[in-house]
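The block underneath contains the structure these notes are about, expressed in structure tokens.
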Amino acid sequence: MELDIVDIYNKEAYEKVKNMLKTTNIATVVHPDFTRIEDIAVKFFNETIGKTLCLESGSKLKKGKIQQKVERMISEGKISKESLTRYDDVEFISYSELMERIKREESISGYENLVLSDLCFLGETTWTNGIDVLLDKNNQAKTLQLVEYSPVGLRSNNALLQRVKGNIASFISEKEATKKLSYYPLEGEELIEAEKEIKILSAKVSKLQDKELRKRLRAKIKEARILCAEWRKRFTEESIDFDEIDRLLYRDDDDDIMLTDEEMEEKANRNVGVIETRDKIREILNSIRVELGLGPKISELEALRQEYERLSGKEDEARKLLEEIETERGEKEEGEER
């Protein structure tokens, strides 16, 4: 079954992975951390045959996102029954489970395909005592490595950069990915939500019979649109030299790749600016809604922020709620397994 990977850079990356695996056993994809990189793994599972091990961050109570994606596609009927046997060959485990198997001297060999995800979260101990052992035991396996980076995280992870060096099938900058997205990361979703709200309110304002009110609200709509344009510019403009990050992946060990204090401060200031712009737009739009006789709109994110503020200082209540959620999830998953 041919799976449709919507975003073109994921399609391009998968083709590069296939080409690299024709001549070597390891191919790495290095993409920003908002790019649905798990789609590449799902397609890899779908088009390979044989016993496969997929490692990603997770636990007994929380599955990794690749596993979640596969199970969701199966439940939604996006993976045909005829192709299910390929996914039955995939064994999903966490990195901690891998370390436990090695510690107990259980077999970790015999795999024809390996998928390693969440590499940015791995420490040197996991690499040395876990991943390196697994790769050595399965040195003929076709291995897909998925690296989801943030600019700061990638620059500061010397060990990761050196380990994936020479096996990178696809690297893409954050700016380049944003231009090609068929969806947006979280900040982008908030921006699109604001732009849609402006369009809806603008149509309502245009129908007002009260000329003075219509004029006043149109001025507010214009102000909100100007702020949205500033927000979009801040969101899409290149804030870090990503060509430099590309070079970092192949640089000498002696080079320093940490952000300077000035760069960190600049990045923080940019983030603060985006938040201030977003909140100002929301304030304007809510004032328009009130004047139109509508209630102020609270987004899902804002509701979560309010809940966080409500629980702030009430750690015991928040911890108890979290424990109840995790217990319920665990019991549900155990019931499904039985």
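Some points to look at:
- Total residues in segment 19-50, condition over 22 Å from Ser83 (Cα atoms) and of a type in the set (Phe, Trp, Tyr): 1
- Looking across segment 72-88, just one residue is charged (D, E, K, R) and either buried (at least 16 other Cβ atoms within 10 Å of the Cβ) or within 13 Å of Ala41 (Cβ to Cβ) (or both), and that is Arg86.
- For Ile102, the stated conditions hold: it is in the same structural domain as Leu119 (by TED's automatic domain parsing) and within 18 Å of Thr126 (Cβ to Cβ).
- Lys51 assigned by TED's automatic domain parsing to the domain that holds Ile168, modelled with pLDDT of 90 or more and either touching a Ser or Thr at 6+ places or on another chain (Cβ under 8 Å) or charged (D, E, K, R) (or both): yes
- Any hit, segment 28-41, residues being aromatic (Phe, Trp, Tyr) and at pLDDT 85 or above: no
- Every pair of residues 6+ apart whose Cβ atoms lie under 7 Å, when the first sits in segment 35-46 and is within 12 Å of Ile8 (Cα to Cα) and touching a residue at least 24 places away in the same chain (Cβ under 8 Å) while the second is in a helix (DSSP H, G or I) and among the hydroxyl-bearing types (Ser, Thr, Tyr): Ile40/Tyr14
- Hits in segment 14-41 (condition: in contact with a Phe, Trp or Tyr (Cβ under 9 Å, 6 or more places away or on another chain) and over 23 Å from Gln140 (Cβ atoms)): Val30, His31, Pro32, Asp33, Phe34, Thr35, Arg36, Asp39
- Condition check for Tyr9: part of a helix (DSSP H, G or I), at pLDDT below 80 and under 24 Å from Asn167 (Cα atoms): yes
- Any hit, segment 189-196, residues being surrounded by fewer than 14 Cβ atoms within 10 Å (Cβ to Cβ), at pLDDT 65 or above and basic (Lys, Arg): yes
- Output for segment 104-151, where each listed residue is of a type outside the set (Lys, Arg), free of Cβ contacts under 8 Å to residues at least 24 places away in the same chain and in a loop (DSSP other than H, G, I, E, B): Glu105, Glu106, Ser107, Gly123
The values are calculated or read from the model by the stated rules, or taken from the named source; none is laboratory data. Computed from a predicted model, the values in this text were never measured in an experiment. Reconstructed Cβ throughout: ideal geometry from the backbone, glycine too, with neighbour counts over all protein chains shown.
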